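Here's the structure, in structure tokens; my notes come after.
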Amino acid sequence: MSSAATTAPSGVHDHGRSYKAEAVFYAEIFGLLISLTILTVTLSYVNVGWALDLTGRAPNIVAGMLVAAVKSSLVLWFFMHMNHEGRLNRFIFAFALCLFTLAVVAFSSDFVWLHTYVVEGARAAVGGM
Amino acid sequence: MFDPAAQDHHPTLSPAFHRERRDMRAMGMWLFLGSEVMFFTAFFAAYIVARSAAPGFVAMPLERGFGTLNTIVLLTSSLTMALAVLNSKRGERVKTGRYIALTFLLACVFLVVKGIEYAHHFEAGDFPSHDIFFGFYFLLTGFHGLHVLGGMITLAILWWRNRRGDFNKDYNDPIEIAGLYWHFVDLVWIFLFPALYLL
Amino acid sequence: MSAQTIDSVADFVHPEPTDFFHKYVWSYDHKTVAKQYLWTSLIFLVLGGFLAMLIRWQIAYPGAPVPLLGALLKGRFIFDGNGAVSAEGYIQLASMHGLVMIFFVIIPLIVGAFGNFLIPLHIGSRDVAFPLLNALSYWLYFVAGLLILASFLVPLGPAASGWTNYPPLSDVAGANSPDIGMNLVMSAVFLAGFSSIFGGINFLVTIVKMRAPGMTWMRLPMTTWAQFVTAIFQVLATPMLAAAGAMLLFDRILHTSFFVPRGVMIGAAAAANTGGGYPLLWQHVFWFYAHPAVYILILPSMGFTSDILPAFARKPIFGQRAMIISLVAIMGLGFIVWGHHMFVSGLNPWMGMAFMISTIFIALPSGVKVFNWLGTIWGGSLRLEPPMLYALTFVAMFIVGGLSGIFMAATPVDVYIHDTYYVIAHFHYVVFGATLFSVFAATTYWFPKMFGREMNRTLNYVHWALSFIFFNLAFFPMHFLGEAGHMRRLMTSTGYEFLNPMAPWNEFITIAAFCLGASQIVFAYNFIHSVFFGKPAQPNPWEASTLEWTIPVPVPHYNYRTIPTVYRGPHEYSSPEAAPADWIAQDAPPRGNRAAH
Amino acid sequence: MKRFLSFLVACLFLPALALAFNTHAAGFLPPVVSEQGRQIDALYGHILAIVVVIFVITEGILIYCVVAFRARPGHKARFFHGSTGVELILAGVPAVILLYITVVSARLWERLRMDEPKNAVHIEVLAEQFDWNFRYPGPDAVFGTPDDVMTNGECAVPVDRQVVFFTSSKDVIHSFFLPDSRVKEDVVPGLLNRIWTKWEVIPVWDLATQKRVLLSEKDFENAPVAFSGYAFKSKPHPGKKWYQFSDSARIGYNAYYYERDPSAKLMVMEHDHPVDVAPRYVLHYFEIACAQLCGPLHFAMRGTVRVLPEPEYEAWLKAQPKDDYLASKWAQVWDGVHPDFDRAL
């Protein structure tokens, strides 16, 4: 029965692998995701920038976001079958992600300028109260 | 020849019809996920802005244990959902039902863990109005929880339709589309977990 | 009877409803949903216009009791003790006029009503991709409309912080913003946002996946192209409004402080929110949505005009490829110009420079489109029917609106004319002069196809002439007010000496606005009368060549008996292939004498 | 024919409008009093000229098309789809014009917002719902010290000197708008915005013609200006709270100020002793407006700026009364929450 199942006519993106292989493949992806989660939790306890003896949170933030990006692209590419979707669906999601980065960059660049120019600038202008 | 005027109420739909329909629904869901990305963009952009530019912003300590547990629970539910889609594509009705139920249960576990966390915060007095970090915490996890709830309702309906035998090898795209949505909810949590809990 | 087997989505048709409820109320048919949108948004148009006239009355005669309504509703709603508009009432009028007109009149009218009716007919399909989602998005909009009407009856009145709802005014309780009314209005906008997201998804999938065979992207009528780009804006920009609305509702109800900074004091009392948020964050997130929204307001109208002008000039559109490229350019640039609303709001001056450059270059695609419309009517043989007059007025008024936009794109000039009547003149020329006139054009053009009857031509001419004159008399002097520095949303300008010379202009504008409001009665009567008692129309009264004119009137439930195959572009008027006649339908089989375009 | 004639008449209306727009437009800008204002007006007139030319050309083409290509027996439409050559021109020419406008505006924007003047007069502005409060650092040039001068609704500035306003708000977003010097910047709570300008003329009220006259500092020296007592009082009625809307004294303030009956003797001061010279002028002011919706009384939120020569400005500062209600307002909001201008968020 399962052999008939493998050649499902409507399996749009059925790449001929047997059901067993498919399930095992998913399990491998799952294992990778769990290990990345454990990695990101352990990273949070460690000062990531010790090699370059950087203090502050920036390296941790960058590391955390990188791991999250890898995990989400794993889910996106395999679990959501992005590898078999048409070019149009990929373009839609990519355009949304571009707007995400545009929004984040534009909003924060306005406020980061404010913090430096207004606070320090004000103090300097009036004789450093 | 197909005569649209003589439409009776139970036309038989050929597999080609279902394949076309699946592509249309997949594109619709990807567009909806695009709009959801933009919805969470606003929250993440606001959160990043508040952290980067607010001098008084203190990232309050949250229970990382619960956060990690929730992440593992959601990742497992992603796996079970993927297996449910795989089985429904193979026409295995019983296994699909079982995996959908498993995903539903994992989602319940996620919400229960979330509830416990909220209870702890409320006991400690960390209400949303208490501090801007908790404002963002409850905003982000609250709306994510709503999306998990929406996913659970859809899963329940699909489980019931699957038990009723609506789906077969040709017609199973509702489960596949619900799978897309569920993986996206997990995707949001993957970004949310480090942003709130770890960094 | 052998059950029919359907093997392509194009053939799937919902069974035709018979009883009244399924035919008119809970209907899946895109034509009925379009009419539901049409009637609801026309009702809200009357409400919005009425609010506008109240605003104009108060500006021209500050403190004078409103003629009819004032005595009737003394002390209630927006009226104070002796029937004049109260201070809080005026701000509520201004805010609700903006909110109702944008979210509940224009977007549902040009995208909900005409988008729903035209897209399936233009691409030759039997219905939209997801009919259930279509009905759902109408009913979401309907519930949002009810919430807006409810917000008027709530004790403290509806929203009172402008249609843009800048916090902390819209956010901190006690900063003179009504409590329940503001929450109702914000959730109404939240729901209307989701209604337009679902509508956008529906239209995108329909246009991409359900086109008739032969209907390539270059043979798509311009209306559908414009709806395609509008749907992309709706799907990707409206969620930002929903998120901003959610954050504002969190602030108002749970007293979080996303937009409330430290140390905000209302009068002597400290604000309930603990502070730490940032007011400009709302402006960024809101305008990230609201600038694409103002393109949602104009793009479908550009589409209607690009289809109506060729039909009445009996000539193909000039440079269809350039029109499509400028549409895509507007889609690209539309997302990166939102900062020009914030030049003077404490935005970082360098970002002001960046947004100025992107804003000035978004004027380019609009300029190209205007020149192409002029190219379309150049050399044609213009039949000056009512739809043509309205469409020409769209082009004329869009030129004025577009040019007055350039003043605000130049940042130093915007420093002076920001938040003055110059801005109000600009967007009313674009929204009323362009979009609403193109809605009149679309209504008169597609009325025979929608309702199977004809509108009265002379009444249309009368309405066009009156509206054109009074529109210009009402809104052009606002440029003069703007130049004098007259701020917007002022209940009365008598307090300021530098505005005293402007008082006669205010009165002039009010009189012109009242005449403009009165002249709309002509159109309303003509519309309602013709829907029930108009002369029965033929299938193709204008001899147009797009697909919707090839089907009988009134349009059957399944639209096309057999899905048409398309052989040529939408505007092949007076082409050699058409030979004796000066038009040839899109799906007419190709004749030997000239290769199909 | 009837149909066409009515359309033609209506369309003639447009060029008439264009001419009206052109001649009348320059008339509405209030007389400009600052160097920045002149540059903004120049840029405005520049863009206006370009826009009116484009307006008349495009509307003219539209009307010509309607007239020349109207459907009439024997007239056939020409069939052409457009040529890329024409498209390039139609895109190129506007692009060049827009590029020119961008360059001109960018240069002026940099002067307006990016180089803050050095050794200027610093004034703190605290906007609240429906009022402006001003604070001067006083002799020790440090804000927040007991010797600060605070006024409500009215501030004085020296003529021909750069003035920098530090603006913040106590409750909602307002907008500090000086129409005469073409200055406008939102006043956001929790954020310190800085805007600067320089007044080049002194406003005086000509009692004969009942009109405002702008005198340069030199003319002001030998002009018979009366320093009436009210010039220095920030509130005409010490007892009344004059900014409540219900009491129309606020709106009537300027009416009261000028409709003095002619017989009332104006005291003309020469340094410190009265001189009986028939005064021609009385000190006048420029207005400050709020351009951002800040609540129901947004329309009544009006302030005044007195532009004075240097000695009179110093005398005005010294003459300001100490008002502990104002001081408490500053202490509560300004120094209490944002002690060292740390007002970022």
Consider segment A:49-88. How many of its residues are farther than 18 Å from residue B:185 by Cα and either of a type in the set (A, V, I, L, M) or within 8 Å of another protein chain (Cβ to nearest Cβ) (or both)?
14
Conditions (1) free of Cβ contacts under 8 Å to residues at least 40 places away in the same chain; (2) more than 7 Å from chain D (Cβ to nearest Cβ); (3) of a type in the set (Val, Ile, Thr) -> residue C:393 fails only (1)
Would you call residue B:34 more than 30 Å from residue A:18 (Cβ to Cβ), in a helix (DSSP H, G or I) and at the interface with chain C (Cβ under 7 Å from one of its Cβ atoms)?
yes
Of the conditions (1) within 14 Å of chain D (Cβ to nearest Cβ); (2) in contact with a helix residue (DSSP H, G or I) (Cβ under 7 Å, 6 or more places away or on another chain), the single one that residue C:81 does not satisfy is (2)
For segment B:96-136, name all the residues that are part of a helix (DSSP H, G or I) and in contact with a His (Cβ under 8 Å, 6 or more places away or on another chain).
B:134
Consider segment C:477-492. How many of its residues are assigned to a loop (DSSP other than H, G, I, E, B) and at the interface with chain D (Cβ under 7 Å from one of its Cβ atoms)?
6
Based on what the data block shows, is residue D:187 in contact with a His (Cβ under 6 Å, 6 or more places away or on another chain), aliphatic (A, V, I, L, M) and under 30 Å from residue C:269 (Cβ atoms)?
yes
Residue C:465 passes all but one of the listed conditions (1) closer than 30 Å to residue C:116 by Cα; (2) touching a residue at least 12 places away in the same chain (Cβ under 8 Å); (3) within 10 Å of chain D (Cβ to nearest Cβ); the exception is number (2)
If only one of D:171, D:180, D:140, D:148 is within 29 Å of residue C:173 (Cα to Cα), within 14 Å of another protein chain (Cβ to nearest Cβ) and among the acidic types (Asp, Glu), which one is it?
D:171
Can you tell me which of C:199, C:214, C:157, C:193 is within 30 Å of residue D:299 (Cβ to Cβ) and not hydrophobic (A, V, I, L, M, F, W, C)?
C:157
Count - residues of segment C:568-582 that are surrounded by fewer than 20 Cβ atoms within 10 Å (Cβ to Cβ) and more than 9 Å from every other protein chain (Cβ to nearest Cβ)
4
Scan of segment B:20-50 for residues that are touching a residue at least 60 places away in the same chain (Cβ under 8 Å) and farther than 30 Å from residue C:287 by Cβ, ordered by number:
B:21, B:22, B:25, B:26
Residues that are more than 7 Å from chain D (Cβ to nearest Cβ), over 30 Å from residue C:465 (Cβ atoms) and in a helix (DSSP H, G or I), drawn from segment C:343-385:
C:350, C:351, C:354, C:355, C:358, C:359, C:362, C:365
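Considering segment B:89-121 alone, what residues qualify as being more than 16 Å from residue A:23 (Cβ to Cβ) and touching a residue at least 60 places away in the same chain (Cβ under 8 Å)?
The answer is B:93, B:97.
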Can we say residue C:36 is buried (at least 20 other Cβ atoms within 10 Å of the Cβ), away from chain B (no Cβ under 12 Å) and within 19 Å of the chain's Cα centre (by Cα)?
yes
Out of all the residues in segment B:53-76, is one or more part of a helix (DSSP H, G or I), within 14 Å of chain C (Cβ to nearest Cβ), free of Cβ contacts under 8 Å to residues at least 60 places away in the same chain and under 30 Å from residue B:122 (Cα atoms)?
yes
Yes or no: segment C:62-81 includes at least one residue that is within 26 Å of the chain's Cα centre (by Cα) and either modelled with pLDDT under 95 or not in a helix (DSSP H, G or I) (or both).
no
Which members of segment C:157-174 meet the condition of being crowded, with 24+ Cβ neighbours inside 10 Å and on the phi < 0 side of the Ramachandran plot?
C:158, C:159, C:160, C:161, C:167, C:168, C:169, C:170, C:171, C:172
Just to be sure I understand, how many residues within segment C:1-33 are surrounded by fewer than 18 Cβ atoms within 10 Å (Cβ to Cβ), among the hydrophobic types (A, V, I, L, M, F, W, C), away from chain B (no Cβ under 14 Å) and in contact with a helix residue (DSSP H, G or I) (Cβ under 9 Å, 6 or more places away or on another chain)?
2
Within segment C:115-137, identify whether any single residue is closer than 30 Å to residue C:86 by Cα, out of contact with any strand residue (DSSP E or B) (no Cβ under 7 Å at 6 or more places or on another chain) and hydroxyl-bearing (Ser, Thr, Tyr), and answer yes or no.
no
Only one of C:562, C:550 that is β-branched (Val, Ile, Thr) and in contact with an Asp or Glu (Cβ under 8 Å, 6 or more places away or on another chain):
C:550
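Filter segment C:252-284 down to residues that are part of a helix (DSSP H, G or I) and facing another protein chain (nearest Cβ under 8 Å) and give me whichever is nearest to the chain's Cα centre (by Cα).
Out of the qualifying residues, it is C:284.
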Against the condition of a type in the set (A, V, I, L, M) and either without any contact (Cβ under 8 Å) to a residue 12 or more places away in the chain or outside any helix (DSSP H, G or I) (or both), how does residue C:43 come out, does it pass?
yes
Take the residues of segment C:50-74 that are in contact with a Gly (Cβ under 6 Å, 6 or more places away or on another chain) and not aliphatic (A, V, I, L, M): which is surrounded by the fewest Cβ atoms within 10 Å (Cβ to Cβ)?
C:74
Among the residues of segment A:94-101, are any outside the structural domain of residue A:22 (by TED's automatic domain parsing), hydrophobic (A, V, I, L, M, F, W, C), more than 26 Å from residue B:81 (Cβ to Cβ) and not in a loop (DSSP other than H, G, I, E, B)?
yes
Subset of segment C:540-563 (residues that are under 20 Å from residue C:307 (Cα atoms), of a type outside the set (A, V, I, L, M, F, W, C) and buried (at least 19 other Cβ atoms within 10 Å of the Cβ)):
C:545, C:546, C:548
Among residues belonging to segment D:65-109 that are of a type in the set (A, V, I, L, M) and touching a residue at least 60 places away in the same chain (Cβ under 8 Å), point out the one that is nearest to the other protein chains (Cβ to nearest Cβ).
D:108
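The values are calculated or read from the model by the stated rules, or taken from the named source; none is laboratory data. Note that this is a predicted model, so its numbers are computed, not measured. Cβ: placed from backbone, ideal geometry, glycine included. Neighbour counts: every protein chain shown.
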